[in-house]
1. Filter the trypsin sites (Lys or Arg not before Pro) in segment 186-245 down to the DSSP loop ones having no more than 16 other Cβ atoms within 10 Å, then list what survives.
2. Would you report the distance distribution of C-alpha pairs in segment 122-171 as whole percents per 5 angstrom bin, up to the bin with the largest distance?
3. I need the phi-derived Karplus couplings for segment 157-164: 6.51 cos²θ - 1.76 cosθ + 1.60, θ = phi - 60°, integer Hz, Gly and Pro marked x.
4. Per residue, how much accessible area does segment 138-255 show when a 1.4 Å probe rolls over the protein heavy atoms, in square angstrom?
5. Which distance in nm do the two modelled labels at residue 69 and residue 86 give, with both placed 7 Å along the Cα-to-Cβ direction?
6. If R0 is 30 Å, what FRET efficiency do you get for residue 155 and residue 216 from their C-beta distance, rounded to 0.05?
7. Name the long-range amide H neighbours of residue 164: under 5 Å, sequence gap of 5 or more, or other chain; modelled H, no Pro or chain starts.
8. Between residue 272 and residue 240, what is 0.36 nm times their sequence separation minus the Cα-Cα distance? Round to one decimal in nm.
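The values are calculated or read from the model by the stated rules, or taken from the named source; none is laboratory data. Predicted, not measured: the structure shown is a model, and the values here were computed from it. Glycine gets a Cβ as well: all are built from the backbone with ideal geometry, and neighbour counts include every protein chain shown. Areas reflect the complete protein model, heavy atoms only, side chains present, ligands, DNA and RNA absent. Shrake-Rupley method; radii C 1.70, N 1.55, O 1.52, S 1.80 Å.
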Amino acid sequence: MGTGPPLSEVLSETPLPVLATCARLQAQGEMTRLFTRRVAARALFMLALLLIGSTAFAALAWADGPWRWEIGMQPPATPVKDRLTAFHDELLVIIFLITLFVLGLLLYVIVRFRQERNPVPTRTSHNTVIEMLWTVVPVLILVIIAIPSFKLMYYMDRVPNPEMTIKVTGHQWYWSYEYPDQDGLAFDSNIIPEDQLKPGQKRLLDVDNPLVVPADTTIRVLITGTDVIHSWFVPSFGVQEYAIVGRLNESWMKIDHEGTYYGQCNQICGVNHAFMPIKVEAVPKDSFQRWLVDAKKKFARRDNDTATVRVAAVPDPPDAARAAPAGN
Ligand SMILES: [Cu+2]
């Protein structure tokens, strides 16, 4: 076959509408490509914005309790929780690698040793090297995990030079807080019932009298109970301590950021277990001093020779447990 007429000739003979159509089609193709690229770029940009936004929000939202659709742990507000979160993330990496390795082995075995390819299976039952490996390697991994784990446990356990003390007492079903350094300032903290919630207050989390503490202060937390076992748990602080009758447990917190933090009793303690939330307000040190002055008036104690009666802001449940000695 001979070559066709030169291109210039073809073009000169091609009717104009056909050329125009070609040009339009080409332009359309390019437009589509351009459009697809633009959409992809925009989607990427939005994704990046979303990521940056959520990261920034997470950074800002340290002072918080649970959120809707929350995934992962609440943002850390104390050095303990910082370390707990970091340790948790390290473990996630290790778990992920192990899972990936096991999945890889499984897939290899499924493909390589399937019946088609390996009709006569080997009768090998022992392999010293492999048996040593699958014993020693997991032990090493556990040791690698155990070292930071123990370090963290000791870090959580020791109260480094506490500047003040808070005593937390669990009752069925509310918490009471004492400030032994502040002339025994003490009060009860009860849930706000759902029908009395004001706008902005959190259902099942807000209380009448939150625990108020200064931010950026090392606080020793002593925890005990008067009836059954409760547990004082504030996720953002990394504090979770049993409140046991006749026993004084100790924990500590140094809240980095001012803000409001929520927690809950997390030891099943009876029918109203879900209704004894914890609300902590971390305020600047000078605001705390001002709050102390007001609080001492608000929660004034009425002392007499035989007993100490505390006047709480709301009526207490008629509970024999209230008569328990304050100093156990
Ligand atoms: Cu409870």
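1. Details: sites: 202, 203, 220; in loops: 202, 203.
Hits after loop and neighbour filter: 202, 203.
2. 5, 13, 11, 11, 11, 10, 8, 7, 7, 5, 4, 4, 2, 1
3. So the J values, rounded to whole Hz, are 6, 8, 9, x, 6, x, 8, 7.
4. Numbers: 5310 Å² over 118 residues.
Normalised by residue count, the accessible surface of segment 138-255 is 45 Å².
5. The two pseudo-label positions are separated by 3.1 nm.
6. Values: r = 18 Å, r/R0 = 0.61.
Calculated value: 0.95.
7. Close amide H contacts, sequence-distant or interchain: 220.
8. On the way: separation 32, 0.36 × 32 = 11.52 nm, distance 1.91 nm.
Full extension from residue 272 to residue 240 adds 9.6 nm.
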